[in-house]
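As structure tokens, the structure follows; a few thoughts come after it.
The values are calculated or read from the model by the stated rules, or taken from the named source; none is laboratory data. Note that the coordinates shown come from a computational prediction; the quantities given were computed from them, not determined experimentally. Ideal geometry is used to build each Cβ from the backbone, glycine not excepted, and the neighbour counts take in all protein chains shown. What goes into the accessible areas is simple: the full protein's heavy atoms, side chains included, and nothing from ligands, DNA or RNA. Shrake-Rupley method; radii C 1.70, N 1.55, O 1.52, S 1.80 Å.
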Amino acid sequence: VQLQASGGGLVQAGGSLRLSCAASGSTFSSNHMGWFRQAPGKEREFVSSISRFGGSTYFADSVKGRFTISRDNAKNTVYLQMNTLKPEDTAVYYCAAKIGSSNYDQMWAYKYWGQGTQVTVSS
């Protein structure tokens, strides 16, 4: 599976961005999809994930109520809508794919990774 993340940019605190991750090379609906992020000097951390057909979604406590995740299996794309952004959301955001929903918040469980897209939130 090849993953291509896009949609990052510079936004003021309180603003919104929508990230997209386009997949190719495999049956997209076979994969549980996740978003992780890595801020400078910090470890990569789980942000959100979504089950194969979108029936289950998961969020880190730090983004609950502000971020939503969705997918369009017809377009082989997963989205991360980020609202009420904060400076602490600044990071490189990565999409990733795995088989099965277990360990959805663990980096090691994801087999495929995109290249990352930079999100910068100014105060």
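Residue ranges 8-14, 104-110 sort as 104-110, 8-14 when ordered by packing (mean number of other C-beta atoms within 10 Å per residue, highest first). For Arg71, the residues whose amide H sits under 5 Å from its own are Tyr79, ignoring neighbours fewer than 5 places away on the same chain, with H placed 1.01 Å from N.
In this structure, the amide hydrogen of Val47, modeled 1.01 Å from its nitrogen in the peptide plane, lies closer than 5 angstrom to those of Trp35, Phe36, Arg37, counting only residues at least 5 positions away or on a different chain. With only the Cα atoms considered, the chain has a convex hull volume of 88 Å³ per residue.
The string of couplings for the range 26-39 from the Karplus curve (6.51, -1.76, 1.60, θ = phi - 60°) is 7, 6, 4, 6, 7, 10, 6, 10, x, 10, 10, 9, 9, 8 Hz, one whole number per residue in order, with x for Gly and Pro. In this structure the amide hydrogen of Gly15, modeled in the peptide plane, comes within under 5 Å of the amide hydrogens of Leu85, none closer than 5 places in sequence on its chain.
For the range 37-123, the per residue solvent-accessible surface stands at 53 Å², with DNA, RNA and ligands left out and a 1.4 Å probe. Here the label points at Ile99 and Leu10, each 7 Å from Cα along the C-beta direction, are separated by 4.4 nm in the simple model. For the range 51-91, give the percent of accessible area contributed by carbon and sulfur heavy atoms, probe 1.4 Å, rounded to a whole number. Percent of accessible area from carbon and sulfur atoms in the range 51-91: 46. Report the gain in length on full extension from Ala74 to Arg44: 0.36 nm times residue separation, minus Cα-Cα distance, nm rounded to one decimal. Once the chain is fully extended between Ala74 and Arg44, it gains 7.9 nm.
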